[in-house]
Amino acid sequence: MGIRPRTVLMSVAAGAALLVSTALVAPSAHAAASTLGAAAAQSGRYFGAATNSFQLSNSAYATILNREFNSIVAENEMKWYANEPQQNSFSFSAGDRLVAHARANGMSVRGHTLLWHAQQPGWAQNLSGTALRNAAINHVTRVATHYRGQIHSWDVVNEAFADGGSGARRDSNLQRTGNDWIEAAFRAARAADPGAKLCYNDYNTDGINAKSTGIYNMVRDFKQRGVPIDCVGFQSHLGTTLAGDYQANLQRFADLGVDVQITELDVAQGPNQASIYERVTRACLAVTRCTGITVWGVWDAASWRDDNPLLFDGNGNKKPAYTSVLNALNSVSGPNPTTAPPTTTAPPPGGGACSASVSLNSWNGGFVATVRVTAGSAAIRGWTVRITLPGGAAVTGTWNAQASGSTGTVSFGNVSYNGQVGAGGSTEFGFQGTGVGPSGTPTCTAT
């Protein structure tokens with residue numbers, strides 16, 4: 001995200017209201033959650049906020065952040081200028097503080113952003129060609145390695161496409177190093193942190209338009225050629241209208257086999273603010289692979305915009321938009337609100353309460369395991385998954401779960417934001433290890 005002219009910001013997706021209504025999502029039987037993060041977790045999603053480390057010292061601000069959200073993203077403190085102010089001289093203290101705060105409060109972390117044409121340090125702005133390419137890839141590698149195992153999703157590349165009707169790449173110093181620079185960045189990020197979701201992130205992509213289609217074509221090409229991309233972020237800095245094809249746009253990217261995330265949501269205050277927030281939320285809920293929503297700030301007093309675009313006013317009071325979002329999140333309990341949960345003829349393992357499956361990304365000497373926990377015919381309030389590792393294997397890092405032990409049979413328990421899973425719904429956690437990954441079927445027990 002960067003400061004852009006208001007005329008560009010407010011040109012986002014001027015069009016008809018989104019064709020999503022409460023009829024899309026059937027009410028569920030679970031008890032309504034009282035906070036945004038807890039409500040989102042019921043369907044296996046996160047609801048996060050952007051923040052800066054200095055804001056944590058404001059007790060009123062921190063109270064809202066800790067109470068309401070189960071994910072955070074650094075607004076500025078993981079950008080290139082902040083963590084590599086001089087070439088090969090890295091400063092991670094501010095970003096580390098945010099990660100520590102997140103872990104202490106049971107939150108996941110989105111990393112923002114590894115490469116962007118804006119907010120580069122001066123030394124990088126003065127480089128070009130091969131020197132800049134090498135410096136950029138070194139930056140991706142060093143930063144992603146530092147946070148390895150601690151980041152849920154990285155915005156690997158931010159805002160690389162031009163506005164307007166061309167659907168072309170933005171002209172930038174990074175683009176002038178060669179058209180494959182985005183691919184190179186994603187490959188470097190995967191090598192540095194195999195367990196993080198790798199995202200491309202951009203703005204003015206909220207409907208099906210030339211810019212979003214240019215990105216769509218890039219993602220489709222990456223998937224066809226095996227370039228490691230896992231997700232696409234839609235910033236959704238919105239004015240007073242919302243594109244009628246907002247949900248359809250999310251869905252077409254999801255159909256490529258990537259997750260989609262609403263990454264920087266804010267909406268101009270006005271008579272439509274609450275409605276637009278609700279429609280964006282319901283659009284995400286209606287797309288199975290929409291894994292979470294992040295608002296770009298906690299309250300209006302800390303927003304980069306001057307039109308009061310957030311869910312809490314400058315005094316920390318909940319606005320009508322907050323209520324509309326919370327009610328929408330509470331209206332579903334499973335990861336695919338548009339279809340009924342699958343029926344089963346036999347209960348899953350773990351006493352019929354939950355089951356677990358493992359997918360592996362392995363290399364010589366190590367692996368990353370992604371574990372999906374699925375509830376049975378009733379909602380669960382907590383879960384434990386036990387996985388037996390082969391001899392010589394050991395867990396070295398875990399995210400979205402708490403591990404007990406590191407060798408042999410290891411128990412993984414839910415954290416605060418992902419213990420509640422609706423009937424037929426699922427959530428994921430992961431761990432990294434040395435040696436050979438597990439091959440047996442894990443066991444799952446639930447409360």
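Of everything in segment 138-162 that is over 19 Å from the mean Cα position of the chain (by Cα) and crowded, with 20+ Cβ neighbours inside 10 Å, the residue that is nearest to Val219 (Cα to Cα) is Phe161.
Filter segment 399-418 down to the residues that are in a loop (DSSP other than H, G, I, E, B), of a type outside the set (Phe, Trp, Tyr) and under 26 Å from Arg45 (Cβ atoms) and list them by number.
Filtering segment 399-418 for residues in a loop (DSSP other than H, G, I, E, B) gives 400-401, 405-408, 414-418.
Adding the requirement that they be of a type outside the set (Phe, Trp, Tyr) leaves 400-401, 405-408, 414-416, 418.
The answer is Asn400, Ala401, Asn414, Val415, Ser416, Asn418.
Looking at Val368, Val385, Val395 in this structure, which one is closer than 19 Å to Asn418 by Cα and open to solvent by less than 60 Å² (accessible area, probe 1.4 Å)?
Numbers: Val368 fails: closer than 19 Å to Asn418 by Cα; Val395 fails: closer than 19 Å to Asn418 by Cα.
Of Val368, Val385, Val395, the one residue that is closer than 19 Å to Asn418 by Cα and open to solvent by less than 60 Å² (accessible area, probe 1.4 Å) is Val385.
For Pro228, the criteria (1) farther than 23 Å from Ala192 by Cβ; (2) open to solvent by 10 Å² or more (accessible area, probe 1.4 Å); (3) in contact (Cβ under 8 Å) with a residue 24 or more places away in the chain hold in every case but one, which is (1).
Taking segment 424-447 only, how many residues are open to solvent by 30 Å² or more (accessible area, probe 1.4 Å) and either of a type outside the set (Val, Ile, Thr) or out of contact with any Pro (no Cβ under 8 Å at 6 or more places or on another chain) (or both)? Explain how you work it out, then say what you get.
Step one: of segment 424-447, the residues open to solvent by 30 Å² or more (accessible area, probe 1.4 Å) are 428, 434, 436, 439-441, 443, 445-447.
Imposing the further condition that a residue be either of a type outside the set (Val, Ile, Thr) or out of contact with any Pro (no Cβ under 8 Å at 6 or more places or on another chain) (or both) reduces the set to 428, 434, 439-440, 445-447.
So the count comes out to 7.
Would you mind stating whether Gln247 is open to solvent by 10 Å² or more (accessible area, probe 1.4 Å), under 18 Å from the mean Cα position of the chain (by Cα), farther than 25 Å from Asn400 by Cβ and not aromatic (Phe, Trp, Tyr)? When the stated conditions are applied, Gln247 passes them. Could you check, for segment 383-394, whether at least one of its residues is within 27 Å of the chain's Cα centre (by Cα) and modelled with pLDDT under 90? No: segment 383-394 contains no residue that is within 27 Å of the chain's Cα centre (by Cα) and modelled with pLDDT under 90. Just one residue in the set Gly239, Gly233 is over 20 Å from Tyr322 (Cα atoms), open to solvent by less than 20 Å² (accessible area, probe 1.4 Å) and in contact (Cβ under 8 Å) with a residue 60 or more places away in the chain; that residue is Gly233. It is to be established whether one or more residues within segment 190-213 are open to solvent by 10 Å² or more (accessible area, probe 1.4 Å), on the phi > 0 side of the Ramachandran plot and in contact with a helix residue (DSSP H, G or I) (Cβ under 6 Å, 6 or more places away or on another chain). Looking through segment 190-213, at least one residue is open to solvent by 10 Å² or more (accessible area, probe 1.4 Å), on the phi > 0 side of the Ramachandran plot and in contact with a helix residue (DSSP H, G or I) (Cβ under 6 Å, 6 or more places away or on another chain).
Of all residues in segment 300-321, how many are closer than 16 Å to Cys284 by Cβ and either among the basic types (Lys, Arg) or not in a loop (DSSP other than H, G, I, E, B) (or both)? Walk me through how you get there before you give the answer.
Pass one, segment 300-321, residues closer than 16 Å to Cys284 by Cβ: 311, 321.
Going one step further and asking which of them are either among the basic types (Lys, Arg) or not in a loop (DSSP other than H, G, I, E, B) (or both), we end up with 321.
Going through segment 300-321 one residue at a time, the tally reaches 1.
The single condition among (1) assigned to a helix (DSSP H, G or I); (2) within 25 Å of Asp259 (Cα to Cα); (3) free of Cβ contacts under 8 Å to residues at least 40 places away in the same chain that Val140 does not meet is (3).
The values are calculated or read from the model by the stated rules, or taken from the named source; none is laboratory data. Please read all numbers here as calculations on a predicted model, not as lab measurements. In this analysis, Cβ positions are derived from the backbone assuming ideal geometry, glycine residues included, and neighbour counts consider all displayed protein chains. What goes into the accessible areas is simple: the full protein's heavy atoms, side chains included, and nothing from ligands, DNA or RNA. Shrake-Rupley method; radii C 1.70, N 1.55, O 1.52, S 1.80 Å.
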